[in-house]
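Accompanying notes for the structure given below.
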Amino acid sequence: MAAPADPQRIVIEGCAVATVDADDTEYARGHIVVAGNRIESVGPGRAPEGLANVVRRIDGTGHLATPGLVNTHHHFYQWITRGLATDHNLFDWLVALYPTWARIDEPMVRAAAQGSLAMMARGGVTTATDHHYVHPRGSGDLSGAVIGAARDMGVRFTLARGSMDRGEKDGGLPPDFAVESLDEALAATEATIDAHHDASFDAMTQIAVAPCSPFSVSTRLLTQAAELARRRGVRLHTHGSETVEEERFCKELFGCGPTDYFESAGWLGDDVWMAHCVHMDDSDIAAFARTGTGVAHCPSSNARLAAGTARVPDMLAAGVPVGLGVDGTASNESGELHTELRNALLINRLGAHREKALDVRGALRLGTYGGAQVLGRAGEIGSLEAGKLADLVLWKLDTLAHASIADPVTALVLGAAAPVTLSLVDGRPVVEAGRLTTVDEDAVARATRDEARRLARIAAGT
């Protein structure tokens, strides 16, 4: 959608600016002009004189402006099962929680999506992704519930419409009534694309095709899902190489590791991104780099489930697109992407590259431009540049928590969670002075509490 001839303008001045453009351009004291839903100009000093139709001027003194954070992997429904199975590895955690997740329904998913989105948006996320793959029979329109919650919140959103067709009777982990047949999964995914996918430059809702994982999906579903995605021109997403158990499973069942298996099913390419990718050897990383396959790095969840540490420095050095993901809040109870900036840096410095693994600007890039790359939207979001969509965050860094930290990007990444004074999505405020503007936070909290309790009662049979 083209910007109007005389759009309303918002002018932000006096703030530090980290553009995260190709040159990592920064201004110690700069300005941003937003015209309609686009960034009109970014630069040092004050905004140009004589701007027409300025409806708001913001004094950004004491703040850092960055692109909005981009979350590339999440499971919103898990918001209402937080704090369970806290000392389990991935497979034991799945076994413990699938019987509960198999009882979710549309009101639960709607409330859980609102809670997940509210926490992320309040913490600087302007583009969110939900990988929803649990579709119990008779549970209602779960995709519509999630998309509706994102629309109400006002964030840019990708629904990775997930699926599983390998239930307990076929050797999978989820109960049989919580999985779909191959034909049901493909038909429902295509119907979701028909109803909701927007391919335009300033799209607020996009759909990806997203079978869950090698151990919950048949090879036929993987292969045909890739064919569907490419026929419809949408992206593909799944979990990959998350645990040593997954690698063992693939070798026992398919005679090869996860990366080779995915490639044989048509699942490597510059239209694909995979979550986790913890257990990757040099040849796996080379295959991702050769094909342009992206990675959603989820450091907190990987640590919580003792899955291991992804080789992010090696991926970046090879040219693999890497973004950050919260992952489900049953394995990352905070639900904030800001936490992942810090943890990505700290956890990767524990690896072979030590202090050279990642710096604060590299961490910010993972959470902004890297995420935009992974979602196929680097031309539209992920950096502060003229012509891009006006998704940006103004972080307050002049309080006790941050005022004595010399560098604003260091303050944001390594300091305490910074308050969000303003978050714009598509040029519209979603957060003001640390509070959501589009929904009632207290009402969302009550709804998530009530639905979590209802789910627990149903799962317990009471």
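Where a number appears in this text, it was derived from the coordinates with a stated rule and is not lab data. Values in this document were obtained by computation on a predicted structure and should not be read as measured data. Positions of Cβ are backbone-derived with ideal geometry, glycine not excepted, and every protein chain shown enters the neighbour counts.
Cα-based radius of gyration for segment 1-64, normalised by 2.2 N^0.38 Å, reads 1.12. In whole angstrom, note down how far apart the Cα centers of segment 284-354 and segment 136-212 are. Each part reduced to its Cα centre gives a spacing of 24 Å. Near residue 137: Cβ cut-off under 12 Å, other residues only, Lys/Arg at +1 and Asp/Glu at -1. The net charge is -3. Distance distribution note for segment 220-338: the fraction of Cα pairs above 23 angstrom is 29%.
Using alpha carbons only, the radius of gyration of segment 69-374 set against its Kirkwood radius gives Rg/Rh = 0.93. Relative to the dominant Cα principal axis of the chain, helix 338-348 is inclined by about 70°.
Net charge near residue 341: determine it from the other residues with C-beta under 11 Å of the C-beta of residue 341, scoring Lys and Arg +1 and Asp and Glu -1. In short, +1.
Here the dipole of segment 69-374 is about 760 debye; that uses its Cα centre as origin and unit charges on the Cβ of Lys and Arg (positive) and Asp and Glu (negative). Paramagnetic label reach from residue 445 (point 7 Å along Cα→Cβ; backbone nitrogen cut-off under 16 Å): within segment 117-141, residues 117-123.
Give the percent of DSSP beta bridges with both residues in the chain that are antiparallel, rounded to the nearest 5.
Working: 30 of 66 bridges.
Looking only at bridges with both residues in the chain, the antiparallel portion is about 45 percent.
Looking only at segment 219-254, which residues have a backbone nitrogen under 18 Å from a spot 7 Å from the Cα of residue 95 in the C-beta direction? Output list for this probe position: 243-250. Stretching the chain fully between residue 182 and residue 435 yields a gain of 86.8 nm (0.36 nm per residue, less the alpha carbon separation). Beta bridges assigned by DSSP with both partners in segment 1-125 are antiparallel in approximately 65 percent of cases. Working ranking of peptides 229-236, 432-439 by packing, defined as the average number of other Cβ atoms within 10 Å per residue, highest first, is 229-236, 432-439.
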